[in-house]
Amino acid sequence: MTRRLYRSRSNAMVGGVAAGIAEYFDLDPTLIRLVWVLLLFTGTGLLLYLIAWIVIPPAPEGEPTRAFERTEEIRQQVIETAKDFESEWREGHTTRTAAEQEEVTARRRQALGWILVAIGVLALSQQIFVWLSLDVVWPVVLILLGVFVIVQGTRR
């Protein structure tokens with residue numbers, strides 16, 4: 001199938017000339033529009049645009065444009081990638097046994113317990129040490145928790 005130059009119906013700003021040329025050469029329509037604007041300053045841009053508007057026929061109705069075809073190709077690639085990712089994820093993630101689930105639940109409860117203890121210690125320390133400000137304590141606690149998580153992650 002031979003490619004033909006048409007004025008764009010779907011991406012037209014004025015007459016669809018720039019968008020049609022961009023689709024034909026597989027370029028960004030904005031670049032072609034900028035060239036037309038620059039040509040306007042030379043004095044020939046308006047004349048050339050009017051001639052192109054008259055000479056280049058409008059795109060036939062119902063025929064997919066090159067931009068539409070590219071969009072469809074990208075959409076199909078995204079769908080295929082998502083399906084591949086889903087199948088790989090399902091293969092790598094098997095369901096947990098009851099013992100494994102109990103262990104995960106126990107670790108979560110223990111972590112929640114430590115968080116509650118830490119909050120209690122902070123609240124109590126502010127009552128005991130009046131000079132201790134939470135504006136200083138929270139960043140220090142977050143830094144220490146971050147270091148703890150990083151160290152635990154590198155041990156495994």
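Readers should treat all values here as calculations from the given coordinates under stated rules, not as data from a laboratory. Keep in mind that this is a model prediction, so the values were computed, not measured. FYI the Cβ positions are ideal-geometry reconstructions off the backbone, even for glycines, and counts take in every protein chain you see.
Can you tell me the dipole magnitude for the chain around its Cα centre, using point charges on the Cβ only (Lys, Arg +1; Asp, Glu -1), in Debye to the nearest 20? Could you put the intermediate results ahead of the total?
Working: 16 positive and 17 negative charges, 53 e Å.
Value, rounded to 20: 260 debye.
Less than 5 angstrom separates the built amide H of residue 7 from those of 59, all sequence-distant by 5 or more or on a different chain. Each Lys or Arg adds one and each Asp or Glu takes one away; over the other residues whose Cβ falls under 15 Å from the Cβ of residue 114, this sums to +3. When the square roots of the Cα gyration tensor eigenvalues are ordered a ≥ b ≥ c, the ratio a/c for the chain is 1.5 or more and a/b does not exceed b/c, which makes its shape oblate. Per residue of the chain, what 222 nm ellipticity follows from adding -39500 (n - 2.57) for every DSSP H run with n ≥ 4, rounded to the nearest 500? Rounded to the nearest 500, it is -25000 deg cm²/dmol. Here, P(r) means the percent of Cα pairs in each 10 Å bin from 0 to the largest distance; for segment 1-63 it is 24, 55, 19, 2. Scalar couplings 3J(HN,Hα) for segment 135-149, obtained by applying the Karplus form with A = 6.51, B = -1.76, C = 1.60 to θ = phi - 60°, are 5, 9, 5, 4, x, 5, 4, 5, 5, 5, 4, x, 4, 4, 5 Hz; x denotes Gly and Pro.
Ordering 51, 32 by the number of other Cβ atoms within 10 Å of each residue's own Cβ, fewest first, gives 51, 32. The mean sequence distance of close C-alpha pairs (under 8 Å, at least 6 residues apart), as a share of the length of the chain, puts its relative contact order at 15 percent.
Each of 97, 71 was scored by other Cβ atoms within 10 Å of its Cβ. Listed from fewest to most, they are 97, 71.
Once you have the Cα-Cα distance between residue 138 and residue 76, take 0.36 nm times their residue separation minus that, and quote the gain in nm to one decimal. Present the calculation step by step, with values, prior to reporting the outcome.
Working: separation 62, 0.36 × 62 = 22.32 nm, distance 4.80 nm.
Extra length available between residue 138 and residue 76 comes to 17.5 nm.
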